[in-house]
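Data block below; observations after.
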Amino acid sequence: MSTIYILWLRQVKKYFRSKTRIIGSLGQPLLFLVALGFGFGAIYKQAGRGSYIQFLSPGIIMMSVLFTAVFSGMDLIWDRQFGFLKETMVAPVSRLEIMLGKTFGGATVAVLQGVIVFVLTLLTGFRPQSALMLPAAFCFVVLAALLFTSLGVAIASSMEDMQGFQLIMNFLVMPIFFLSGALFPLQGLPKAMEIVTRIDPLTYGIDGLRSTLINGGKFGAAQDFIILTLLTVILLAVGSFLFERIEA
C-alpha cells in the first residue's frame, strides 16, 4: 500500500475509534441550528426571507467542515511531539506523500463530519430543493475540506507548540466563520463588509452549498467552484512547501 493510503487510513480509523469525539463535535452545530435556527426564525420570516433553517443549514454544515478540517493540523503537532512523525519521515518516502496522506485523511474526516451534520439539519426541518443537486453540493464540501485541511497542515508545519496552534487557529477560524455569511445574507451589506466577505474563502463554500441545495447563492455555483478550486490548489502547494521544510 502507498504511503498516502496508509496515512489516510490511519486518520480515518482514528476518527471512527473516537466515539466521544464524534458526538462531542456535533454539540456546537446542533446548538447553532436550534438556538439560532428557531430563535431567529420568526424574525427572519417577518423580514420576508422565508425559513431561516433553510438559509442557516448550509452555513452550519460548512462550519462543521471548517472546524474539523482546520483542527486536523493538531494531529500533525501531536505526531511531532510523540515521535511518530520522525519515524514516518525517516522512511524512504517523499515528504509530499506524507503531507498528502495527512491532508486527505483530515479532509475525509471533515467530509464525514459534514455529512453527519447534514443529516442533523434534515432532522431540524431543512429540506434540499432537489435531490439531484446533492452530488454537486457534496463536491463543495470536499473542496472546502481539502482547502481548510491544507490550511491547518500548513500552519501546523510551522509550529511545535500545541497551545500556540490552538490560539492561532481560534484567531483565524472564528473570523473566517462569522464573516463568511453563514449566519446572515450577503445582499445589502456595507461596502467594507462586502469586501471582507469576498476575501473570506469560506464564503464561496457556503454560497456554493446554498446555490446547489436551496438555489439561494449570490455568486453562482460555477464561480464558487472555480474560486474554491483555485484556493485549494494554492493552499495544497503552500502546505507542501512548508511541510518539506519541517524538522521532525
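Pairs under 9 Å by beta carbon, first residue modelled with pLDDT under 70 in region 85-111, partner of a type in the set (Ser, Thr, Tyr) and surrounded by fewer than 20 Cβ atoms within 10 Å (Cβ to Cβ), six or more apart or different chains?
Once the first residue is modelled with pLDDT under 70 and sits in region 85-111, its partners that are of a type in the set (Ser, Thr, Tyr) and surrounded by fewer than 20 Cβ atoms within 10 Å (Cβ to Cβ) give Thr88/Thr3; Ala91/Thr3.
Test of understanding: among Leu236, Leu146, which residue is touching a residue at least 60 places away in the same chain (Cβ under 8 Å) and surrounded by fewer than 22 Cβ atoms within 10 Å (Cβ to Cβ)? Lay out the reasoning, then the answer.
Numbers: Leu146 fails: surrounded by fewer than 22 Cβ atoms within 10 Å (Cβ to Cβ).
The unique qualifying residue is Leu236.
Restricting attention to region 118-133, and to residues there that are touching a residue at least 12 places away in the same chain (Cβ under 8 Å) and part of a helix (DSSP H, G or I), which single residue is nearest to Asp224 (Cα to Cα)?
Among them, the one singled out is Met133.
Check off (1) at pLDDT 90 or above; (2) part of a helix (DSSP H, G or I); (3) farther than 20 Å from Gln11 by Cα for Ser180 and give me the number that stays unchecked.
(2)
Taking into account only those residues within region 200-233 that are in a helix (DSSP H, G or I), among the β-branched types (Val, Ile, Thr) and more than 16 Å from the chain's Cα centre (by Cα), which is farthest from Ala154 (Cα to Cα)?
Filtering first and then ranking leaves Thr212.
Would you please name the residue that is surrounded by the most Cβ atoms within 10 Å (Cβ to Cβ), looking only at residues in region 150-173 that are hydroxyl-bearing (Ser, Thr, Tyr) and more than 17 Å from Asp200 (Cβ to Cβ)?
The selected residue is Ser157.
How about region 13-57: which of its residues are closer than 14 Å to Val109 by Cα, in contact (Cβ under 8 Å) with a residue 60 or more places away in the chain and in a loop (DSSP other than H, G, I, E, B)? Steps first, please.
Initially, region 13-57 is screened for residues closer than 14 Å to Val109 by Cα, giving 13-19, 21-23, 25-26.
Now narrow it down to the ones that are in contact (Cβ under 8 Å) with a residue 60 or more places away in the chain: 14-15, 22, 25-26.
The answer is Ser25, Leu26.
The values are calculated or read from the model by the stated rules, or taken from the named source; none is laboratory data. Given the structure is predicted, the values throughout are model-derived calculations rather than measurements. Here the Cβ is made from the backbone with ideal geometry for all residues, glycine too, and neighbour counts use every protein chain on show.
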